[in-house]
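Just passing along the structure, written as structure tokens.
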Amino acid sequence: SIPSVTLSSTSSSITCAIPQVTLNAANTTTNAGYVWSGPGVSSSTVQIITTTLQGVYTVTVTDLSSSCTGTASISITTYTDVAITASIIPATCNGTVSNNNGTILAFNFGAQDKFDLVSGNTYTGSATYLTATGIPTTGIITNTLANPQTTVAYTIRFFDDKGCIKDTTLILTP
């Protein structure tokens, strides 16, 4: 008989938190042969495969008793890039006095994205996604920076809801 094939995956996307996906070709035949195709697949003949590559995967299941075939396909996407960006705006001055309103702004962030801000050229904090601060809807990370006497670096670690992180260093000059 013609095998009925259902292709399932442990996730529809490969992310920083889920670096590989397992695909399972469930079917209705008891004497099955499998032929997979897709990115990085080289003549796999097993029911279950694992991949780290995005693309369309197809499995053809053959009932080895009758030579009848059934086919199913699934699309896997990849999300491993944090799109969040940031900029720094120096404080304004009232004459020769800093108003201490220098601002760091975040852009291209989602409602579940978070951050941790440290002083310095590299990220030295210990925040995780669970302990980091949510990015305000305004995108304002801070708006209380003074104009420095010497060049000052700030590094922001951005965390997205897909388990990815991105460090961005911004420089504030006198």
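Which residues, taken from segment 66-98, are closer than 12 Å to Ile2 by Cβ and among the hydroxyl-bearing types (Ser, Thr, Tyr)?
Passing the criteria: Ser66, Ser67, Thr69, Thr71.
Something else: Are there any pairs, at least 6 apart or on different chains, whose C-beta atoms fall under 6 Å, with the first in segment 1-24 and closer than 19 Å to Thr60 by Cα and the second open to solvent by 80 Å² or more (accessible area, probe 1.4 Å) and not polar (S, T, N, Q), and if so, which?
Every condition considered, the pairs that remain are Asn24/Ile48.
Could you check Thr45 against (1) open to solvent by less than 80 Å² (accessible area, probe 1.4 Å); (2) assigned to a loop (DSSP other than H, G, I, E, B); (3) in contact with a Gly (Cβ under 9 Å, 6 or more places away or on another chain) and say which number it fails?
(1)
Can you find, within segment 1-40, the residue that is nearest to Ile165 (Cα to Cα) among those that are open to solvent by 40 Å² or more (accessible area, probe 1.4 Å) and hydrophobic (A, V, I, L, M, F, W, C)?
Ranking the qualifying residues of segment 1-40, first place goes to Cys16.
Can you tell me which condition Val46 does not meet? The list is (1) over 28 Å from Gly163 (Cα atoms); (2) out of contact with any strand residue (DSSP E or B) (no Cβ under 8 Å at 6 or more places or on another chain), and all the others hold.
(2)
If you scan segment 114-157, which residues turn out to be among the aliphatic types (A, V, I, L, M) and farther than 25 Å from Cys93 by Cβ?
Those that are among the aliphatic types (A, V, I, L, M) and farther than 25 Å from Cys93 by Cβ: Val118, Ala127, Leu130, Ala132, Ile135.
Here's something else I'd like to know. Could you tell me how many of the residues in segment 49-88 are within 30 Å of Asn101 (Cβ to Cβ), open to solvent by 50 Å² or more (accessible area, probe 1.4 Å) and in a strand (DSSP E or B)?
So the answer is 1.
Follow-up question, since we're still on this one. Residue check: is Thr60 over 22 Å from the mean Cα position of the chain (by Cα) and in contact (Cβ under 8 Å) with a residue 60 or more places away in the chain?
Taking the combined requirement at face value, the residue does not satisfy it.
Enumerate the strands (runs of 3 or more DSSP E) found wholly within segment 89-174, keeping only those where 1 or more residues are open to solvent by 50 Å² or more (accessible area, probe 1.4 Å) and among the hydroxyl-bearing types (Ser, Thr, Tyr).
Passing ranges, in order: 114-119, 140-145, 165-172.
The values are calculated or read from the model by the stated rules, or taken from the named source; none is laboratory data. Just so it is clear, the structure is predicted and the values come from calculations on it, not from any experiment. So basically every Cβ, Gly included, is an ideal-geometry build from the backbone, and we count neighbours across all protein chains shown. We work out accessible area using only protein heavy atoms, side chains counted, and drop any ligands, DNA or RNA first. Shrake-Rupley method; radii C 1.70, N 1.55, O 1.52, S 1.80 Å.
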